[in-house]
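The values are calculated or read from the model by the stated rules, or taken from the named source; none is laboratory data. Keep in mind that what you see is a predicted model, and the values were worked out from it rather than measured. Please note: Cβ atoms are built from the backbone with ideal geometry, for glycine as well, and neighbour counts cover all protein chains shown. The accessibility values were calculated without ligands, DNA or RNA, using every heavy atom of the protein model including side chains. Shrake-Rupley method; radii C 1.70, N 1.55, O 1.52, S 1.80 Å.
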Amino acid sequence: MAMAERFTVSQINHYLWRRQGFAGERDPAAGPVVEDVIGIYATAPTCYLTVLARDPGFRLADLDRLLVEERRAVRIRAMRYSNFIVPARLLPAVYQATQTGLFNPLKQMLKLGVSEAQYRDLADDIEQMVGSETMTAGEIKRALPPEYAAFGPAMSYVMPQLCAEGRLVRAGTRGGWKSDLYEYARFDRWLPGVNLNEMSPEEARPVLARHYFDSYGPATVQDFRWWSGLSKGEATTAVAALGSELAAVEVAGVEMMLPTARLAELRATPAEPPQGARLLPVWDAYLMAYKDRARYLPAQWYDTVYAKTGDATSTVLLDGTAGGVWDFEEQKKTLVVKVALFEPAGPAVWDALRDETIRLAAAAGFASAALVRCHQPVTLKDGPQNRFKSPLKEAPGEQVFAT
């Protein structure tokens, strides 16, 4: 058996910098980011900021158009029951691969005293009510007959269950780029050409593995298992089914895999680290793709990037590795970006961060932007559970520039 080809950590980081689109050289022929990089979190504003970090010409309305007008992608709870944006063409595979063992909203309704027969009657009424329209959960609840008021707290599980069954789908949102107020539509009318049952879970899991390693490889089976939420046996079988589609490589003494078709691209990647800065949001797809994060995150800074729950905060990716954290706030018509780097940096780094700030403000439609340098970030291990969502909310700092 041939030995796995060896690559350095810097070369892998440089390869993934390009593969993820951070190099600013995205080929338009690759298609929209949400179709090319699987696993983009659907939560706002993460979904918008994730795409922006990978597409220099992106504007927030581009993603809304893709989801609502063109319907080439859709929001669905999938890997680890998180909410992802999934290309419509991959929806059956992702759905079938990840539904087993997910959180079951129906079980929660049953625990709260709602029978399955009662739920089925309600589900039929909701599906008929929505018809060809889109409605928020609040609008649906207000339009229901009075007898359904007896559902009480169980009502909060109804919409997730209808989506899990493929009867409803999360369509558009209301309230702007930071809102998660979803509108729901009937699945069969929103995506009439999509058949969620066109393949079995056994057929779907290798498809999911194929797209994972294409987006995030080189990676390990353990990385794929963590990201996908599959059991050890399911993940191992899915990867094994790909056979020669995957090539083994060795990175810092660890065997990893990536698509054989991308091996030549990896070999041609420069051995030195990439250059540049990108502002990755909370739950960015790249930050949430691996169980082992040592390749791009120094151990001493782990607790400033990842919370105890494993959730990643908004992170400055600097020359291929995590170099700090960031946050943003709106002050009237100005977007203020706050950055706390792990180590002191020269003018070139702050110039790159200024450019990223300006790009974010322009994409979001702000009239002006400002960049603030904050002190060293605090650990996420202690303090409020959701501190990772806004790591620099109250951090003092000094303004670096303003437009």
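Of all the listed residues (ALA367, ALA322, ALA312, ALA340), the sole one being aliphatic (A, V, I, L, M) and open to solvent by 70 Å² or more (accessible area, probe 1.4 Å) is ALA367.
Comparison of VAL194, VAL169 shows that the only residue that is outside any helix (DSSP H, G or I), among the hydrophobic types (A, V, I, L, M, F, W, C) and surrounded by fewer than 21 Cβ atoms within 10 Å (Cβ to Cβ) is VAL194.
Can you pull out every residue in the stretch 98-126 that is part of a loop (DSSP other than H, G, I, E, B) and among the aliphatic types (A, V, I, L, M)? So that I can check it myself, show each step before the final result.
Just the residues of the stretch 98-126 that are part of a loop (DSSP other than H, G, I, E, B), to begin with: 99-104, 112-115.
LEU102, LEU112, VAL114 - these are the residues of the stretch 98-126 that are part of a loop (DSSP other than H, G, I, E, B) and among the aliphatic types (A, V, I, L, M).
Taken across the stretch 117-133, residues that are open to solvent by less than 20 Å² (accessible area, probe 1.4 Å) and closer than 20 Å to PHE103 by Cα do occur, with at least one present. Selection of first residues in the stretch 382-403 that are touching a residue at least 24 places away in the same chain (Cβ under 8 Å) and of second residues that are open to solvent by 90 Å² or more (accessible area, probe 1.4 Å), restricted to Cβ pairs under 7 Å at least 6 apart or on distinct chains, gives the following pairs, ordered by first then second residue: ALA395/HIS375; GLY397/HIS375. Would it be correct to say that PRO218 is modelled with pLDDT of 95 or more, open to solvent by less than 40 Å² (accessible area, probe 1.4 Å), in contact with a Phe, Trp or Tyr (Cβ under 8 Å, 6 or more places away or on another chain) and within 30 Å of GLU265 (Cα to Cα)? In short, yes.
Screening the candidates ALA289, ALA204 for the property of being under 22 Å from the mean Cα position of the chain (by Cα), open to solvent by less than 10 Å² (accessible area, probe 1.4 Å), in contact (Cβ under 8 Å) with a residue 60 or more places away in the chain and more than 30 Å from LEU360 (Cβ to Cβ) yields one hit, ALA204.
Scan the stretch 41-62 and tell me whether some residue there is surrounded by 15 or more Cβ atoms within 10 Å (Cβ to Cβ) and over 23 Å from ALA361 (Cα atoms).
No.
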